[in-house]
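The structure appears below as structure tokens.
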Amino acid sequence: MDLAVFIEPQNGGFKASTSQPVTMETEGASREEALLRLQELARTRLAAGEFVQVPLPNDDAGHPWMKFAGIWKEHPEFDQFQQNVLKYRQRLDGAETEP
């Protein structure tokens with residue numbers, strides 16, 4: 001596993017930090033020492049724990065009007081209503097294309 005490590009000078013030494021797969025920071029007198037300490041910390045932390053997938057509830061139910069979708073499908077006149085809407089739209093389309 002490769003870690004993306006950010007190294008920066010700090011207090012006369014160096015600080016090495018990463019946020020993936022977990023947040024870790026170490027310090028050392030030299031750049032190399034800070035990196036070695038971070039590698040050791042990563043080995044220790046990653047060996048002692050595990051990664052698991054946790055599903056999150058989706059509170060976003062989508063479009064707010066979706067709760068109304070299909071409420072008329074069992075209505076006895078719904079098919080006739082749809083046919084009337086289709087005829088109306090066809091009439092509008094015909095009016096737009098006439099010169």
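A few remarks follow.
- Shape call, the range 6-48: gyration tensor on alpha carbons, a/c limit 1.5: prolate
- To the nearest ten degrees, helix 31-48 and the longest principal axis of the Cα atoms of the chain are 60 degrees apart.
- Think of it as helices only: each DSSP H run of n ≥ 4 in the chain is worth -39500 (n - 2.57), and spread over all residues that comes to -13000 deg cm²/dmol at 222 nm.
- Cross-link partners for Lys87 among the lysines, with Cα-Cα distance under 28 Å and sequence neighbours closer than 8 places in the same chain left out: Lys67, Lys73.
- Here the range 17-35 is scanned for amide nitrogen atoms under 12 Å from the site 7 Å beyond the Cα of Ile7 along Cα-to-Cβ, giving 17, 28-35.
- The range 2-99: trypsin sites (Lys or Arg not before Pro) falling in loop per DSSP and having at most 11 other Cβ within 10 Å: Lys73
- Mean-square fluctuations from a GNM of the chain, with a 10 angstrom spring cutoff on Cα atoms, peak among Val22, Val54, Val85 at Val85.
- Between the entries [x] 33, 13, 10; [y] 25, 16, 10; [z] 67, 21, 10, the label attached to semi-axes √(5λ) of the Cα gyration tensor in Å calculated for this structure is [z].
Laboratory data are not the source of any read-out in this text; all were calculated from the coordinates shown. The model shown is predicted, which means the values in this text are computed figures rather than measured ones. Because the Cβ atoms are built from the backbone with ideal geometry, glycine has one as well, and the counts that use them run over all protein chains shown.
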